[in-house]
1. Which residues, counting only those in the range 255-272, are surrounded by 15 or more Cβ atoms within 10 Å (Cβ to Cβ) and either out of contact with any helix residue (DSSP H, G or I) (no Cβ under 6 Å at 6 or more places or on another chain) or farther than 19 Å from residue 172 by Cβ (or both)?
2. State whether the residues of the range 245-254 include one that is part of a helix (DSSP H, G or I) and not assigned by TED's automatic domain parsing to the domain that holds residue 137.
3. Answer yes or no: is there a residue in the range 376-393 that is touching a residue at least 12 places away in the same chain (Cβ under 8 Å), closer than 23 Å to residue 217 by Cβ and in the same structural domain as residue 307 (by TED's automatic domain parsing).
4. Does residue 263 satisfy the condition of being touching a residue at least 24 places away in the same chain (Cβ under 8 Å), outside the structural domain of residue 120 (by TED's automatic domain parsing), closer than 18 Å to residue 406 by Cβ and assigned to a helix (DSSP H, G or I)?
5. Being buried (at least 23 other Cβ atoms within 10 Å of the Cβ), in contact (Cβ under 8 Å) with a residue 40 or more places away in the chain, farther than 24 Å from residue 49 by Cα and not assigned by TED's automatic domain parsing to the domain that holds residue 355 is true for just one of 129, 108. Which residue is that?
6. Quick one: which of 38, 86 is surrounded by 13 or more Cβ atoms within 10 Å (Cβ to Cβ) and touching a residue at least 40 places away in the same chain (Cβ under 8 Å)?
7. Would you check which residues across the range 288-299 are touching a helix residue (DSSP H, G or I) at 6+ places or on another chain (Cβ under 8 Å) and under 18 Å from residue 328 (Cα atoms) and list them?
8. I'm told residue 70 meets every condition in (1) more than 24 Å from residue 133 (Cα to Cα); (2) in contact (Cβ under 8 Å) with a residue 60 or more places away in the chain except one. Can you identify the failing condition by its number?
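The values are calculated or read from the model by the stated rules, or taken from the named source; none is laboratory data. Keep in mind that this is a model prediction, so the values were computed, not measured. Don't worry about glycine lacking a Cβ; one is built from the backbone with ideal geometry, like all the others, and counts go over all protein chains shown.
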């Protein structure tokens, strides 16, 4: 048990301490405003207030956890033991920065509520984030800070015990386009032929003809390969299916197509499935609900997980819509152009709605890397990508959490622009499963 004194207990305070102590460290704790109760307690204690109490662990609190508005805050770097922190604390605090305030700032995605300059797809730009600016995006700093707090407590209270970091793993696959050539319908197929002729893409036209004649395997049909690679570890795979109406950025086969329905049913029989809300649905509430109903009708299972197509995420609007549509788990929290920890953590966490000042029922599962990020945005070769992946996994191995990657069925084709990337996927999978098994996570 840990006892924490604060002069006021707010939703922000409760949310942050719940995450750090209950979820990451596995430590039961009591938040109290009762001075007598705090002083008389024989448990390890933290004084998170401005009062000068007789307590070896004092932390001068930053006001952000006691505010009820969204304001701009000074985020000047605080150097400490060759690391960089922010939300500076006082000289008599047990750390020179307030890890609770900093954690809330990152978990709530506070900075994203203040940003008006979005990219072409209306996404929050990674280069504006405090973690990117301080070269911390590749570290799960909230998990790191939790371990730092636990270490400080144990120094003063040797009997204090907490859960050690554990490594978990989940591989997620977005199916934006189930097949490269098959099951597109005569109109889309004819249009593709015309565009290919105009562009002089003779080799692709021949490949398309071979696939349609049944002489060649469709390059995007990588489902048997994925199934065989993971074998009995089916719990480590989660597929997201795009079922939106056709538009500029939504190009999957029609959900009315019998072959697509057959594929979805086969995947559903073996793996976890979630909805991949279409690009269109970010502005059309009815279409989001329809896409979810379509997937539920095909699988005969309730849809509880989602990831936004193109990672289109606007806070708090997107998450509020997902909650209303019955979604309980979302996997959109990550950047398209950078690898790393967008919310500063490698652990899942509850979405905190800053506008309503409350913790919600939506669980956020942040991912650390995407295939397209590695190849197209960062321009990495397969061997360079493996190095980046290895470093991210080592961070999670040291500080705990879940390594979540994002791939597409088409990027595993091992053909064309994706030649050589199957090896990346295979080596990443092998190493991640090894770390998970060594860590003993279920």
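1. In the first step, residues of the range 255-272 are kept if they are surrounded by 15 or more Cβ atoms within 10 Å (Cβ to Cβ); the result is 255, 257, 260-261, 263-264, 267-268, 271-272.
255, 257, 260, 261, 263, 267, 272 - these are the residues of the range 255-272 that are surrounded by 15 or more Cβ atoms within 10 Å (Cβ to Cβ) and either out of contact with any helix residue (DSSP H, G or I) (no Cβ under 6 Å at 6 or more places or on another chain) or farther than 19 Å from residue 172 by Cβ (or both).
2. Here is the first cut: in the range 245-254, the ones part of a helix (DSSP H, G or I) are none.
No, the range 245-254 has no match at all.
3. yes
4. Working: touching a residue at least 24 places away in the same chain (Cβ under 8 Å): yes; outside the structural domain of residue 120 (by TED's automatic domain parsing): yes; closer than 18 Å to residue 406 by Cβ: no; assigned to a helix (DSSP H, G or I): yes.
Spelling it out, it is not the case that residue 263 is touching a residue at least 24 places away in the same chain (Cβ under 8 Å), outside the structural domain of residue 120 (by TED's automatic domain parsing), closer than 18 Å to residue 406 by Cβ and assigned to a helix (DSSP H, G or I).
5. Details: 108 fails: farther than 24 Å from residue 49 by Cα.
Residue meeting the stated conditions: 129.
6. On the way: 38 fails: touching a residue at least 40 places away in the same chain (Cβ under 8 Å).
Exactly one of 38, 86 is surrounded by 13 or more Cβ atoms within 10 Å (Cβ to Cβ) and touching a residue at least 40 places away in the same chain (Cβ under 8 Å), namely 86.
7. Those that are touching a helix residue (DSSP H, G or I) at 6+ places or on another chain (Cβ under 8 Å) and under 18 Å from residue 328 (Cα atoms): 288, 291, 295, 299.
8. (1)
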